[in-house]
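One structure, as structure tokens, below. Some questions next.
The values are calculated or read from the model by the stated rules, or taken from the named source; none is laboratory data. If you're wondering where the values come from, they're calculated on a predicted model, not measured in any experiment. Every residue, glycine among them, receives a Cβ derived from its backbone with ideal geometry; neighbour counts consider all protein chains shown.
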Amino acid sequence: ASLSHPHNEILYILAEHGLVGFVLITVPFIYMAFGMMKQAGPSSLYILALLLPIGLHSMVEFPLYISGLHWLLLGLMIVWALNFEKGASLPAPSFLPVLRPSIRLFLILGVISLPTFYAGQMAFTLHQAWVHTNDYRYKNFAGYIEHSKYRPELWHPILGKRYTTLHEMVVVSEASNFGYKEIVEKLLPKLESERHHFETYGYWAALAKGYQLLDDKEKLESHLNHIKKINPHYHNKLINRLNLEISQ
């Protein structure tokens, strides 16, 4: 499942930076891990226990800049390395007690902040859904574009690019429904370039509707064959939804 997941960190690095970039990024981490396990000696299994969650999570998420769990585990690994470092300026018995309150604090913050973050995110999403379904300020596609382009999440310093792509995905889908070929022709190439980030049903549907509107049968058939390899259920669902007749 991870091979088709849009948030596969390993495939993401390979796609963005190629094999050379992947090696430059991963080799230092592997070198650090082996060095720490070597220093740990008989206790090296504890280091491996910290590394495994990072490695497994890297197959389904972007861990290195948004996952609190990874920062916590990396922090514990660094503390472990300092504890086993030969000739450290601070002896281990006095070094670790100084860090324990901070580690406890980060553990408490991690336990509290993650549920709070997801609860807040869910509340925001529900609010957006309520506004869009019960307080429509626009009655046509032009009104939708004017209303949605000022959404605050599009300006998020880290996630803004992804939100923009999601927004454009909705725009392509709605423009296809309303028959706005010029908008679809303009946004479809950019949406196609984000395929490695958004292998989801909504993304697939937006592309299929765009190809259908532009009567690009070759791309539409190739797109549907791609979906069929990854998720046959969504492939059949999409064909039924759009009343498509594709030669198999």
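Can you name the residue in region 195-247 that is modelled with pLDDT of 80 or more and assigned to a loop (DSSP other than H, G, I, E, B) and is also farthest from the chain's Cα centre (by Cα) among such residues?
D215
Table: residues versus (1) modelled with pLDDT of 70 or more; (2) out of contact with any Ser or Thr (no Cβ under 6 Å at 6 or more places or on another chain).
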residue: A1; (1), (2): no, yes
residue: G18; (1), (2): yes, yes
residue: V23; (1), (2): yes, yes
residue: Y31; (1), (2): yes, yes
residue: K38; (1), (2): yes, yes
residue: S44; (1), (2): yes, yes
residue: M59; (1), (2): no, no
residue: F62; (1), (2): no, yes
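Any idea which of (1) touching an Asp or Glu at 6+ places or on another chain (Cβ under 7 Å); (2) at pLDDT 80 or above; (3) surrounded by fewer than 19 Cβ atoms within 10 Å (Cβ to Cβ) is the one L191 doesn't satisfy?
Only one criterion is unmet by L191, namely (3).
Note down all Cβ pairs under 7 Å where the first residue falls in region 167-195 and is over 13 Å from Q212 (Cβ atoms), the second is among the acidic types (D, E) and surrounded by 15 or more Cβ atoms within 10 Å (Cβ to Cβ), and they're at least six residues apart or on different chains.
From residues that are over 13 Å from Q212 (Cβ atoms), the pairs are L187/E168; K190/E168; L191/E168.
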